[in-house]
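A short worksheet on the structure shown next.
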């Protein structure tokens, strides 16, 4: 399946990325756990079945060839398209740090260290590190597009 970003003209991709960067610089705390809602073990589980998600690996780098001591690890860049009502199921980021940017649409995140759901709008970046676990749902009527960069332990 052809990636949405690959099908866009270069100037459109640049505009989307610039909009995301400007949004981030003007709303530094957008897409974060609300103040006072952070707590250890706020959630211990969530949706366990993926639905409505197309996960496309765009590129990857074998980190063992680049950095000594990183055997069986890849830095990968993925695009996730999540249909309305779609779910990225409960998973852990122990040993797998990631950064996720919403490019189109919006997503709701349910995180192990946050007692409230977190709304991510286009331009927001989620920092997934420190062993958090979470799941995401598209509660909107538009397909959401995310770009994910993570270190995968194969």
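Values in this text are rule-based calculations from the coordinates and carry no lab data. None of the values given here were measured: they were computed from a predicted structure. All Cβ positions, even for glycine, are placed from backbone atoms using ideal geometry, and neighbour counts span all protein chains on display.
Please find, within the stretch 118-154, the residue that is surrounded by the fewest Cβ atoms within 10 Å (Cβ to Cβ) out of those that are over 25 Å from residue 59 (Cα atoms) and within 15 Å of the chain's Cα centre (by Cα).
Restricting attention to the stretch 118-154, the residues satisfying the condition of being over 25 Å from residue 59 (Cα atoms) are 118-119, 139-142.
Checking the rest, the ones that are also within 15 Å of the chain's Cα centre (by Cα) come to 118-119.
Details: 118: 20, 119: 15.
That would be 119.
Which residue, of 54, 142, is in a loop (DSSP other than H, G, I, E, B), at negative phi and touching a strand residue (DSSP E or B) at 6+ places or on another chain (Cβ under 9 Å)?
Details: 54 fails: in a loop (DSSP other than H, G, I, E, B).
Exactly one residue qualifies, and that residue is 142.
Quick one: in the stretch 103-113, of everything that is more than 21 Å from residue 46 (Cα to Cα) and assigned to a strand (DSSP E or B), which residue is farthest from the chain's Cα centre (by Cα)? Steps first, answer last, please.
Taking the stretch 103-113 and keeping what is more than 21 Å from residue 46 (Cα to Cα), we get 103-105.
Retained after the next criterion (residues that are assigned to a strand (DSSP E or B)): 103-104.
Details: 103: 10, 104: 12 Å.
Ranking the candidates gives 104 first.
Being part of a strand (DSSP E or B) and within 14 Å of residue 152 (Cβ to Cβ) is true for just one of 96, 78. Which residue is that?
Values: 96 fails: part of a strand (DSSP E or B).
After ruling out the rest, the residue left standing is 78.
Can you find, within the stretch 74-104, the residue that is farthest from residue 138 (Cα to Cα) among those that are surrounded by fewer than 13 Cβ atoms within 10 Å (Cβ to Cβ) and in contact with a strand residue (DSSP E or B) (Cβ under 7 Å, 6 or more places away or on another chain)? Outline the logic, then answer.
Restricting attention to the stretch 74-104, the residues satisfying the condition of being surrounded by fewer than 13 Cβ atoms within 10 Å (Cβ to Cβ) are 85, 92, 94-95.
From what's left, in contact with a strand residue (DSSP E or B) (Cβ under 7 Å, 6 or more places away or on another chain): 85, 92, 95.
Working: 85: 5, 92: 19, 95: 26 Å.
Among them, the one singled out is 95.
Which members of the stretch 114-131 meet the condition of being part of a loop (DSSP other than H, G, I, E, B), touching a residue at least 40 places away in the same chain (Cβ under 8 Å) and either touching a strand residue (DSSP E or B) at 6+ places or on another chain (Cβ under 6 Å) or over 16 Å from residue 46 (Cβ atoms) (or both)? Walk me through how you get there before you give the answer.
Of the residues in the stretch 114-131, the ones part of a loop (DSSP other than H, G, I, E, B) are 115-117, 122-124, 129-131.
If we keep only those that are touching a residue at least 40 places away in the same chain (Cβ under 8 Å) too, we end up with 115-116, 122-124.
Correct list: 122, 123, 124.
Has the stretch 61-73 got any residue that is under 17 Å from the mean Cα position of the chain (by Cα) and surrounded by 12 or more Cβ atoms within 10 Å (Cβ to Cβ)? Full working, then the answer.
First, the residues of the stretch 61-73 that are under 17 Å from the mean Cα position of the chain (by Cα): none.
No, the conditions are met nowhere in the stretch 61-73.
Which of the residues that make up the stretch 36-51 are under 17 Å from the mean Cα position of the chain (by Cα) and outside any loop (DSSP other than H, G, I, E, B)?
51 - this is the single residue of the stretch 36-51 that is under 17 Å from the mean Cα position of the chain (by Cα) and outside any loop (DSSP other than H, G, I, E, B).
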